[in-house]
Amino acid sequence: MQSNGRETEAHFPIHVDGNESEKCEPLSIENKPGRNIDGDDCEPLHSDDYNSLQLDAKNPLSTANVLKTLFFILVWYIFSLLLTLYNKTLLGDHLGRFPAPLLMNTVHFTMQAVLSNLITWIWSSRFQPCVTMTWKDYLTKVVPTALGTALDINLSNASLVSISVTFATMCKSGSPIFLLLFAFAFRLEAPSFKLSGIILIISVGILLTVAKETEFELWGFIFVMLASVMSGFRWSMTQILLQREAYGLKNPFTLMSYVTPVMAIVTLMLSLGLDPWKEFASNGYFNSIWHVTRSSLLMLFGGALAFCMVLTEYILVSVTSAVTVTVAGVVKEAVTILVAVFYFHDKFTWLKGFGLIIIMIGVSLFNWYKYQKLQQKSSEDKVVSAQSTTVPGKYVILEEMDEDDGQR
C-alpha cells in the first residue's frame, strides 16, 4: 500500500445504466458495486470468475440472483456451524479446555492473512486494487475494521469458555440492533419509526432469552454482548470498504489481505499478555512434541474453516449488503441452537423458545422492510431509465455532501 500524496476526492462517479441526467443520490445500504470509477483507465478489479458472482443490478430479485444468494448463504451456514462446534468443543470448560484461545485465534488470523496475500500475489493482475489507498484511509477505515473483527471473534470465543452455545447464540442474535445503530451513525441507513420498532422487538426477544437463565455467567454474558456490538461495527465498516469504489477493496480476497494481518498482530499482542504461557509446559496440549504437533494441526484445521467462512461472508456482503448477511446470520443462529441442543445437550426452555420466536419475528419484519425498499428502488430505477438524458449519474456519500456544502 502506498500513499499517493493526496486525499481521495469526495465524489465518486459511477455509471448508472440508462441514466444520462446529472443526478446525486445518497449511498444506500442496498447499492451494489461493480462499475469502474469515471475516467479510470486501469483494468477491472474483479476477475471473470469473481464478476460472475455479482448480482444483476437490473433485476436483483430474479430467480438466478436469489438462487445464487441462497447458495452462498448455505455454504456460509455449513462452515460457520462447523467452526462453532469446533470452537466450543476445543474451548469449553467441560470439554476440551484449550488453554490458549487467543493463540488459537492468532493462528487462524495468520493463516487467513497468508492465504489471502498469497492468492492476491499469485494472481496480482486480477486481485490487486487499481485505486491506491491513502495512509489516512488505511488508518481510519482498514485498521478499525480489523480491530472490530478481531474483537468480535475473540470476545465470542471467550464467551464460549463459560456459557453454552445456545445462550451465546441467542444473545448474539441481537447483532442486527447494533448493525442498525452503526448504520445510522455512518449514514448508511436513515432512522425511522419502523426500524426503531424492529429494534425494540428484537431487544424484547433477547431479554426473554436471558431471563431466568439457570447457568447465567456474568462475564460470559458481557463478552458475548460486546461481541455483538463489535459485530455491528465491523460489518458496517466492511460494507463501506467493499462497496465504495475509492478504496479499491471490492474483491473479498483483496480486503482479507489488508485486514487479516492487522487482526493477527493485535490478537498476538493480546495472547502474549493474557494467555497462560507459563503453564503451557505442564498442560496436556503442549507438554510434549507430539502434543504440540497435534495442537498445531488442530489450530490449522480451525484456521482453514475460519478462512472459508470469512471468505464466504465477504462474498455475501460484496454482492448483497451487510444487512442481508446479518439477517441470514440470525436464521443461521437458530439452526446453530437446534444443533447445540442435540449435540451439546444445552438446556432450552419454553421462555427461551418464546424469546427466540420474537427475535425471528423482528428479523422477519426487518427483512420485509428491506424487501419493500428494494421493490420501491426498482420502480424508481425504471422511471429514471425512461427519462434518461446524456450525463451519467453519481452516487454521493451523505457526509461528504455536507462537507462540500459547508465549504461553499
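Observations on the model:
- Subset of the range 169-195 [under 22 Å from VAL210 (Cα atoms), in contact (Cβ under 8 Å) with a residue 60 or more places away in the chain and more than 15 Å from the chain's Cα centre (by Cα)]: THR169, MET170
- When residues in the range 106-132 are screened for being closer than 21 Å to GLU245 by Cα, modelled with pLDDT of 85 or more and open to solvent by less than 60 Å² (accessible area, probe 1.4 Å), 2 of them pass.
- The condition of being farther than 17 Å from LYS347 by Cα, of a type in the set (S, T, N, Q), open to solvent by 10 Å² or more (accessible area, probe 1.4 Å) and out of contact with any Pro (no Cβ under 8 Å at 6 or more places or on another chain) holds for only one of SER156, SER173, SER162, that being SER156.
- Helices (runs of 4 or more DSSP H) (entirely within the range 306-408) containing at least 3 residues that are open to solvent by 30 Å² or more (accessible area, probe 1.4 Å), under 28 Å from GLN243 (Cβ atoms) and at pLDDT 70 or above: 350-386
- Residue match in the range 147-169 (condition: farther than 27 Å from ILE359 by Cα and not in a loop (DSSP other than H, G, I, E, B)): yes
- Cross-chain or 6+ apart pairs with Cβ under 9 Å, the range 350-378 first and under 16 Å from SER203 (Cβ atoms) and of a type in the set (Phe, Trp, Tyr), then at pLDDT 70 or above and open to solvent by 60 Å² or more (accessible area, probe 1.4 Å): PHE366/LYS194
- Cβ pairs under 6 Å, 6+ apart, first in the range 264-281 and closer than 20 Å to THR149 by Cβ and in a loop (DSSP other than H, G, I, E, B), second of a type outside the set (A, V, I, L, M, F, W, C) and open to solvent by 100 Å² or more (accessible area, probe 1.4 Å): none
The values are calculated or read from the model by the stated rules, or taken from the named source; none is laboratory data. These numbers were taken from a predicted model, which means no experiment stands behind them. Note that each Cβ is placed from the backbone with ideal geometry, even for glycine, and that neighbours are counted across all protein chains shown. All accessible areas refer to the heavy atoms of the entire protein, side chains included, with ligands and DNA or RNA removed. Shrake-Rupley method; radii C 1.70, N 1.55, O 1.52, S 1.80 Å.
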